[in-house]
Every structure is written in structure tokens, then in C-alpha cells.
């Protein structure tokens, strides 16, 4: 049974809730490592004073010391730590690697049984840690041993949740095969192990590849734990890669060596003149006072700072996921160290997984952070959908207009918009050339077309991407005449290349466009409806019955479509912030009539149909059909098992997640059967 549910997504990141025997926690989260005998800051203080939700301790250490073992057996690990919140225990794998312990020092089944006996909320199997320096043959042997131990350990977990650690060293295919095998076993959490040496050596690009390889084959309803990751500068990028849990003793280890953790990197106290932080420690003292303290007191102060900085960054990560801003946060953090920036570039070169997981229908503005902005999931999805689904391919004239996409096109180019509205798509197409690519006028309001904030000037890398995307757009069109409207904006620089290749005429005003005959029967509203139906649901407008009876309600202030109606009944509402339609119940019936593809249909058990009819959300555990190609954020219809429409709403999960999860909402119902 799954103990995990998703509340929001951004990239591969999940804002979730994870339920344990000792409480429910919000993810992503960081678990500070607590030593049972020498933690200067108690687990209770970690919760009450620093805002952490969960801790991790080592069952091997507890079991190896008489006084710890006796107390844990008598009072449980919660009694030992004097803590009533969720506790995860490690098995001792890292200790065996780090201290070079003998192979038989820890028995794999006994350590699982011990973790269960002391009441750990989440225990961990005893896997084999592969040093990054060893060769492939040794890593293959380690993976085989780890998987065999996993198979033997699962039946022993009882009521305790159990973590099955993915190993495989630096070999992506071994990570994939390890994850595939573990996915078939009854685990509750999947740590990605063996990465601490890579972190210590700043080999972050390899960590990116390891995480992506591991994530490919893991069940989506199990949290992924990046073992040993505790530096705040890594949290944003690791979360974007899909890591839900983090742990580390870095807050203490760094403090003991006089180092302070920041989201932008590490600083040595004795090299600072100011404390660049707002935490309770840094805001109530200064560098000189800290240096005057006795080492135990100074260590405690630095430890407290490190915890405050780490907790604050994790809160920042969770808020960024909710706001759809995690990419920007990860990009900002990546400049903290050259190898972290390299890792970010590695992630962008392998971003297909992130794009496919990223929800549609976002509304947040997109701030330019560098060339990588053009490869954000929102940008890639928009461009690919335009190329695949834009319904107009043949026209007499195409007009290309360079623009930054920083302001509404209708405000900055009212005359061009006025002219396009007077003509049919067979007569004239208007394409805006923006840094993010080609934006057809019909889709001008779809996120992120006008939600991007770019600088007035940028480099050749961005122009190359822009040029490539314009080429892809124009290669899909057939036209007799083409014009490029000269404008003083950055994307005008790609004009000469486009003009030469496609025979466009460069113009400085719209006089030539005004000469194009006007279509008296042209309906710009239907033209936009056609393009939006194709973009959003891959539907052909010609399949809509009684289209001549459609009514369009536009905003008096903006001139945008607000509602599409027939017989005074609203079919679709255009959401201003996303530029996409939300159907009413009648709109859902219309979509069915137009042969809505199965990927946009979610079926639930008949026994809970009445709840959706009453406006309740469709829960994942009752979903009987969800197409694997369904993306989170899509507007979908919800039916019973026979296909009868119950309601319409927004998919919170993708199709695979809907079938995997047994907790949480699959579809948020907007309108239900009257």
C-alpha cells in the first residue's frame, strides 16, 4: 500500500505528503542525521526550533553499543532519541564501506529485524556500497549481492516501511537494472546510494545521470531518497530531478571544521568579515564574536546556522514547486560552483524525462536566467505542440513579426492584430518570432507565449535556438508570399537568414498587408477556437456540430475570448492566465462528440461515481483507466466504467501516476453532471 501522495508537480519534482506511523510529513524534506549518543542538538529541538519534520539515525551504531541497544529494545528508537516524530534508520552500509568492516560484521536479515524491533518508521536494507573507483565487474557483483539481500529482506519488514537502495556505481545501465528489479519488490522508499564520494569530489554531473537513470524505472508512488545529500546548494536541482527525501550529517561535520553552509556554497568562518545570512545566529552576532567562542560553543553556533540555512532552502524548494518556479531556483543555485553549473547543463542535455513529467497549464511568469531558459520544459512542450498540432498549414501569405514576447502582442502591435482578424487563415497567417520560438497569432495567449521576461539583448546561443524553431515552423507551412516586418528588437537579427531561405520580403510597415483582400465572413473567434482545440486536445474543429450556432463572449477590457457558448450554454471558458480552455459539463459532452482521444479520458469505478457527480475530486485509488500518455495539468473528462460522462476537471497526476497511486487526488473536478 502506498503511503505517498502528490499535491503539486514541477518538472520531476513532487510536492507531496508521506504518511508514517508517527505522522505525516511534507516532501521534499531533509532528515538531519542524529547520532544516538553525541548529538549536540536534540531531535526535539530539530523539530521545534529549526522546523524539520523527520530525522534519520543509524541502527548499526545503536545495535553495536550496549547502552544504546538496551534502551532501544526497551523503549524503541523513539524512546532512545526522546522523539515522537517519524524516524528513519540506516542499516550500516556506509559504515561498512567507510570503515572497511569485515563482510560478516552485519547480518543483512538481522539488521532488518533489529530495525523492526526498535520501531523504526522506515528501515533500510543492508546493501553493498560501490566505491566509484572500482571497476565495472566489482560493481556488477555488488549490485547482484544488494538485489539478493533485497529479495530476502522484504518478507521480513512486517509493519515497518522498508527502503530498497539502488546501487550501480557510476554505471547508468546498472542503476537502471537495479531500479527495475527493486521496483518489482514490495518496498516503500527507494534511496539512491553510493553518491557521497561523488558529492565530496564535486562530481555532480555523474549524480545527475545516476538519478535520472534510477528514476526511469521506479514506481511513481514511492518516494526517492538521495542518500547523503545535505548541502543546500544541491536541494533545488536534486528536487527538480525527482528526489523527495534527503539526509546528511553535513550540518555538524562542516561546523566542526569551521565551515558554514549557504544555498550558494560553503564559506569558512575565518575568511569572512560579515555574516551574509538572516538566520537567528547570523542576525544576532558577528564573525569576531563567533571566533572568540570556545570551540564547542562555536561549533554549536555554526551547526545551528547550517541547520537554519538548510531548513530555509528546503522550504524555498517546496514553495518553488508550488509556484512552478523550481527551474529558476535550480538555475540560480547552479552558478554557486562551476561543477554544479556543469551538472545543470548535463541535466538540460538529458531533459526529456523532466519535460514529460512537467505539468501543462502553468501560469507563472518565466524569468530569463540564461540560454537554458529556452530549453525549459514549458518552452519545449509549447514548441513541440505547435509544430505537431497547429492546424493551419497552407495560406496565401505569411507575416513574421519579431518580438520579445514581453508584452501582449495586441498592445504592442495592434495594427497587425487588427489586420489578421479581418482575414481567414487561408488568406493570412501571422507568426510572432520570439526568443522562445514561433508563436502563431491564434495561440498568442497560451502559456508561456507572453509570460516570458527576456533581456533586450542576448547572445548568439539564444538566437541559434530561435532560428532553429522558426525553421521548423516554416517548414510545416506552404505559402505564396512571405513578409518579415522589421522591428527594433533582438529577434530581428535572425531575419536575414529566414528571408534568404524562404524568400521573404522585408517590410517596414503594414501597407503590403493592408492590400491583401479582406474576408467578409472571416471569424477570428472560430479561427482561434480551431487552433486551441487542436493544440489542447488534438481535435479537429470540423467535427464540431452546429458550429455556426456558436456564440463568443469577449472581454470588454482586453478583447480576449472569455466564453464559447451555444444556445446560451457555456461550453468552454478561456482561462486568462494559461490561455487554455476549461470545459463545462456540456463542453465535456461536446468533446466526446468530437471523438476526444482516450488519453484525455479518465475512468473511475462505478461505486464512486456519485461522488464525482457531487463535485468531489476523482481519487487515484478509484481510477480504472488513465492513458500512459496523459500529462499532468491536462483538462480531462471523467467517466464511469461504461464511459458515461460524470464530470470534467484538471489532471493533477499523469496517466501512469494515476494507476500507480492509492492515495491522493487524480483529477480535480471543475464541473460535474447536473
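Some observations on this one:
- Any helices (runs of 4 or more DSSP H) falling wholly within segment 404-516 and containing at least 2 residues that are surrounded by fewer than 18 Cβ atoms within 10 Å (Cβ to Cβ) and in contact with a strand residue (DSSP E or B) (Cβ under 9 Å, 6 or more places away or on another chain): 460-474, 495-502
- Members of segment 1-26 that are part of a strand (DSSP E or B), buried (at least 19 other Cβ atoms within 10 Å of the Cβ) and touching a helix residue (DSSP H, G or I) at 6+ places or on another chain (Cβ under 8 Å): 5, 6, 9, 10, 13, 14, 15
- The one condition in (1) assigned by TED's automatic domain parsing to the domain that holds residue 50; (2) closer than 15 Å to residue 238 by Cβ; (3) free of Cβ contacts under 8 Å to residues at least 60 places away in the same chain that residue 349 fails to fulfil: (2)
The rows are residues; the columns are (1) in the same structural domain as residue 202 (by TED's automatic domain parsing); (2) under 25 Å from the mean Cα position of the chain (by Cα); (3) surrounded by 14 or more Cβ atoms within 10 Å (Cβ to Cβ).
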residue: 260; (1), (2), (3): no, no, yes
residue: 283; (1), (2), (3): no, no, no
residue: 293; (1), (2), (3): no, no, yes
residue: 298; (1), (2), (3): no, no, yes
residue: 309; (1), (2), (3): no, yes, yes
residue: 323; (1), (2), (3): no, yes, yes
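- Any hit, segment 52-66, residues being in a loop (DSSP other than H, G, I, E, B), in the same structural domain as residue 160 (by TED's automatic domain parsing), under 21 Å from residue 19 (Cα atoms) and in contact with a helix residue (DSSP H, G or I) (Cβ under 8 Å, 6 or more places away or on another chain): yes
- Residues (assigned to a loop (DSSP other than H, G, I, E, B), surrounded by fewer than 24 Cβ atoms within 10 Å (Cβ to Cβ) and modelled with pLDDT of 95 or more) located in segment 104-120: 119
- Test for residue 560: is it surrounded by 13 or more Cβ atoms within 10 Å (Cβ to Cβ), at pLDDT below 95 and under 22 Å from residue 445 (Cβ atoms): yes
- Test: residue in segment 562-578 that is outside any strand (DSSP E or B), farther than 20 Å from residue 673 by Cα and touching a helix residue (DSSP H, G or I) at 6+ places or on another chain (Cβ under 7 Å): no
- Flag set for residue 315, criterion: in a helix (DSSP H, G or I) and surrounded by fewer than 22 Cβ atoms within 10 Å (Cβ to Cβ).
- Qualifying residue in segment 91-112 (condition: within 17 Å of residue 21 (Cα to Cα), in contact (Cβ under 8 Å) with a residue 60 or more places away in the chain and out of contact with any helix residue (DSSP H, G or I) (no Cβ under 7 Å at 6 or more places or on another chain)): no
- Tally, over segment 338-364, of residues that are within 13 Å of the chain's Cα centre (by Cα), buried (at least 20 other Cβ atoms within 10 Å of the Cβ) and part of a helix (DSSP H, G or I): 3
- Residue in segment 271-287 that is without any contact (Cβ under 8 Å) to a residue 60 or more places away in the chain, assigned to a helix (DSSP H, G or I) and under 23 Å from residue 30 (Cβ atoms) present: no
- Condition met for residue 385 (modelled with pLDDT of 95 or more and either surrounded by fewer than 20 Cβ atoms within 10 Å (Cβ to Cβ) or outside the structural domain of residue 451 (by TED's automatic domain parsing) (or both)): yes
- Entry remark, segment 403-416: residues being under 31 Å from the mean Cα position of the chain (by Cα) and on the phi < 0 side of the Ramachandran plot number 6 in total.
- Test: residue in segment 365-383 that is part of a helix (DSSP H, G or I) and farther than 20 Å from residue 404 by Cα: no
- Close pairs (8 angstrom Cβ cut-off, 6 or more residues apart or separate chains): touching a residue at least 24 places away in the same chain (Cβ under 8 Å) and on the phi > 0 side of the Ramachandran plot in segment 225-252, part of a helix (DSSP H, G or I) and surrounded by 24 or more Cβ atoms within 10 Å (Cβ to Cβ) anywhere: 242/211
- For segment 71-88, residues that are within 10 Å of residue 43 (Cβ to Cβ) and either outside the structural domain of residue 36 (by TED's automatic domain parsing) or part of a loop (DSSP other than H, G, I, E, B) (or both) total 4.
- Picking from residues in segment 634-656 that are more than 24 Å from residue 593 (Cβ to Cβ) and either modelled with pLDDT under 95 or touching a strand residue (DSSP E or B) at 6+ places or on another chain (Cβ under 7 Å) (or both), the one that is surrounded by the fewest Cβ atoms within 10 Å (Cβ to Cβ) is 652.
- Pairing each residue of segment 548-562 that is on the phi > 0 side of the Ramachandran plot with any residue that is not in a strand (DSSP E or B), provided the two are 6+ apart or on different chains, yields C-beta distances under 9 Å for 559/410; 559/417.
- Exclusive hit being loosely packed, with under 15 Cβ neighbours inside 10 Å, under 25 Å from residue 244 (Cα atoms) and out of contact with any helix residue (DSSP H, G or I) (no Cβ under 9 Å at 6 or more places or on another chain), set 48, 84: 48
The values are calculated or read from the model by the stated rules, or taken from the named source; none is laboratory data. Because the structure is predicted, anything quoted here is derived from the model rather than measured. With ideal geometry, Cβ positions are generated from the backbone for all residues, glycine too; neighbour counts draw on all protein chains shown.
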